[in-house]
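Take a look at the structure below.
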Amino acid sequence: MSDFGQTRNSIGGKAINVEADLDRILFDEKTILRRLDELAAQISADYHDRELTVVAILNGSLIFMADLLRRIPLPLKLDCLSVASYHGALQSSGEVIFRQVAPPDVAGRHILLLDDILDSGATLNAIQERLETASPRSIRVCVLLRKIKPRTRVATADYVGFDIADEFVVGYGLDYMERYRNLPYIGVLRKELMPS
Ligand code: IMP
Ligand code: MG
């Protein structure tokens, strides 16, 4: 286990201990990277004869993307897409806002969408629908985490790092109010810290 959480940072003159904000750690860094080895091997085998275009959804997939792509020894192109769906709240608003003026060039390409987590599915659904209109050759979805819960929308992922219970998690790219993204592990945020 890294000593990241034990390190007391001083922000605004106030000592904080990020690990104290967590109920528990779900996946430590070693466990995440071991799983990324497997995911990368699977993706590399599936795309060995096709040129892959990765479209990473910012900001949540940033750290996942960096660690996963360095494990895929294929020629590939990388684009990023910036969307907002949460607006700081815990539940998806259902509305997805595209921050880009021009969407990535996906026409005729094999697209692998990367996102941090499949929750309600609203974000990935909206992005997939948008990209489909630009005639890609194929679209697959890869998420680090997938919450086990009933979904009203049909949202599927072709590659999944870990299935988790329906709890709010942070770290390794995932945020709560833009904090905790830089934790090297994934943990469950303490319920008292969130509005009920
Ligand atoms: P969805 O549209 O409900 O599937 O949510 C997608 C986005 O919501 C993700 O890309 C995350 O940014 C955010 N999100 C959903 N669940 C969590 C969580 O447990 N922790 C942090 N962010 C989350
Ligand atoms: Mg977020």
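Read the figures in this text as sums done on the coordinates, not as results from a lab. This is a predicted model, so every value here is computed, not measured. Every residue, glycine as well, gets a Cβ built from its backbone with ideal geometry; the counts of neighbours run over all protein chains shown.
Calculate the radius of gyration of the Cα atoms of segment 144-196 to one decimal place, then report Dmax, the largest Cα-Cα distance, as a whole number, both in Å.
Answer for segment 144-196, Rg first and Dmax second: 12.3, 34 Å.
At what distance in nm do the modelled label points of LEU193 and ASP105 sit from each other, each positioned 7 Å from its Cα along Cα→Cβ?
Placing both labels 7 Å along Cα→Cβ, they lie 4.2 nm apart.
Please report ARG140, ARG34, ARG151 as a ranked list, fewest other C-beta atoms within 10 angstrom at the top and most at the bottom.
Going from least to most buried by this count: ARG34, ARG151, ARG140.
As an exercise, use a Förster radius of 45 Å and the Cβ-Cβ distance of ARG137 and ALA20 to find the FRET efficiency, rounded to the nearest 0.05. Write out the running numbers ahead of the final one.
Numbers: r = 48 Å, r/R0 = 1.07.
Between ARG137 and ALA20 the formula returns 0.40.
For THR156 and GLN42, FRET efficiency with R0 = 25 Å and r from the beta-carbon atoms, rounded to 0.05?
E(calc), rounded to 0.05, equals 0.95.
Under 13 Å between alpha carbons, and skipping anything fewer than 8 positions from LYS149 in its own chain: which aspartates and glutamates qualify?
Counting by Cα, and skipping residues close in sequence, LYS149 has these aspartates and glutamates nearby: ASP119, ASP163, ASP166, GLU167.
Most exposed first by the Cβ proxy, i.e. fewest other Cβ within 10 Å, how do LEU118, LEU68 rank?
LEU118, LEU68
Ignoring solvent entirely, what values of log10 I(q)/I(0) come out of the Debye formula for segment 29-162 at 0.17 Å⁻¹ when each Cα is a single scatterer?
At q = 0.17 Å⁻¹ the computed log10 ratios are -0.91.
Can you tell me the equivalent ellipsoid semi-axes for segment 92-196? Use √(5λ) from the Cα gyration tensor, largest first, whole Å.
Details: eigenvalues 142, 43, 39 Å².
Whole-Å semi-axes of the equivalent ellipsoid: 27, 15, 14.
Mind sorting LEU69, LEU52, LEU144 by how few other Cβ atoms lie within 10 Å of their own Cβ, fewest first?
Numbers: LEU69 19, LEU52 22, LEU144 31.
The order, fewest Cβ neighbours first, is LEU69, LEU52, LEU144.
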